[in-house]
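Written out below as structure tokens is the structure these notes cover.
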Amino acid sequence: MQPNEETPIVNIIGERVALGPIRRDLLPLYQRWINDFGTLRTLAVSPRPMTIESETAWYEHAATSDASIIYFTIYETASWQPIGNTDWRDIDYRNRTATMGIFIGDPADRGKGYGTEATRLMLDYAFTGLGLHSAMLTCYAFNQAGQRAYEKAGFRRCGRRRECHLMGGKLWDEIFMECLASEFESPVLARIFAPDEPH
């Protein structure tokens, strides 16, 4: 479904999801997502209540942050409803590297392939849009669904930090995953960022 005047502003449109800027009017929804401890279990943050003031402070910083971190809202394109957030952080333009983070906010939207496609679009943005070469993310060993999604999108395991995350009374490894531009084929942006053909 293509956007129209009533749909949110988006930057990258895939088959089932799209990526667009974070939005002030979505702060109550972002706050709801980040207060779901089920969502936080796979993120590198401590579970704690997040007030609207704290979420607003995050937004104010994120909306005006420098070029070393770029945030997106993830939309499901059939309804244009926001379903999650994703970002590139620690962007190093000289060495062409960055680290990705992502979550799908509502449990009902997980397990449907949205995270896989959003990850693929993020890789497309990093490599085709920004000209980066090496992308990385981390994932805890208990997050099997996340690892499958990232591998389907193009990431592969490259290492691990052992027994560094406590979950369910057990210490789990943190899995490091990477993808190189030379190993990735652009699904969307190669058509957009193509040079004009000579006449």
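A few points about this structure:
- The antiparallel fraction among DSSP beta bridges confined to segment 12-135 stands at about 90%.
- For S65, S186, S46, order by how many other beta-carbon atoms lie within 10 Å, fewest first: S46, S65, S186
- Potential lengthening between S54 and F37 on full extension [0.36 nm per residue; Cα-Cα distance subtracted]: 4.5 nm
- Tail beyond 18 Å, pair distance distribution of segment 12-135 (Cα, percent): 53
- Taking every C-alpha pair closer than 8 Å and separated by at least 6 residues, the mean separation divided by the residue count of the chain gives a relative contact order of 17 percent.
- Residues whose placed amide H lies under 5 Å from that of G14, excluding near-sequence neighbours: L19
- Normalised by the number of residues in segment 111-199, the average gap of Cα pairs under 8 Å and 6 or more apart makes the relative contact order 34 percent.
- Overall form of segment 75-199 per C-alpha gyration tensor (a/c, 1.5; a/b vs b/c): oblate
- 15 Å cut-off, amide nitrogen to a point 7 angstrom out along R161 Cα→Cβ, residues in segment 81-113: 90, 99-101
- Förster radius 22 Å - calculated FRET efficiency between A145 and E183 (Cβ-Cβ, nearest 0.05): 0.45
- Ranked for footprinting exposure by Cβ neighbours inside 10 Å, fewest first, L19, L180, L29 give L180, L29, L19.
- The distance from the alpha carbon centre of segment 114-138 to that of segment 163-199 is 4 Å, rounded to a whole number.
- Cα-centre dipole for the chain with unit charges at Cβ (Lys and Arg positive, Asp and Glu negative), debye to 20: 800
- Sorted by Cβ density within 10 Å, fewest first, the residues I69, I12: I69, I12
No lab work stands behind these numbers, since they all come straight from the coordinates. Keep in mind the model is a prediction, meaning the values are calculated, not measured. All Cβ positions, glycine included, derive from the backbone under ideal geometry; neighbour counts span all protein chains shown.
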